[in-house]
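What follows is a short report on a single structure.
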Amino acid sequence: MASKPPTTPAKPAHWPATNDGDSVVLERRAQRVKPPQLYQVVMLNDDYTPMEFVVLVIQQFFGRDIETATQIMLKIHLDGRGVCGVYSKDVAATKVDQVLDAAAKAGHPLQCVSEPVES
Ligand code: TYC
């Protein structure tokens, strides 16, 4: 059985080698890792969900105290939308699910979405 000739292992892209005759110089370069994209959970206004319910939801799922939750709710009521919190993609998606589930169970049309934070 013929065996394959030995191959040179591939060098990592971040670890280039300069072959200068007999010597090999390894240059270590800092690896740049982009921070993960963050997502904001945005709650939307509607004409039917009671203000008290929105305040409770913001307290319960976004860990806000009653004063902050009330301010966020009023901002949504006046502006049409407002940010309840900023999270990793998965956590933001879970918060959206929790809010929509609680709203549906209570029979309210409250809506919220997650969207990437602009940098
Ligand atoms: N606009 C609603 C009302 O007047 C209150 C409300 C606030 C609803 C925020 C949804 O995300 C919301 N009862």
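We did not get these values from a lab; they are worked out from the coordinates using the rules stated. Quick caveat: nothing in here was measured; it's all calculated off a predicted structure. No Cβ is skipped: glycine too gets one built from the backbone with ideal geometry, and neighbour counts run over all protein chains shown.
Below are the figures for this structure:
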read-out: Net lengthening on full extension, ARG29/LEU78 (0.36 nm per residue, minus Cα-Cα); value: 12.6 nm
read-out: Burial order of peptide ranges 27-39, 55-67, 97-109 (average beta-carbon count within 10 Å, highest first); value: 55-67, 97-109, 27-39
read-out: Simple label model, 7 Å out from Cα along Cβ direction - GLN37 to ASP65, nm; value: 3.5 nm
read-out: Alpha-carbon radius of gyration plus Dmax, which is the widest Cα pair, for the range 48-116 in Å; value: 11.2, 30
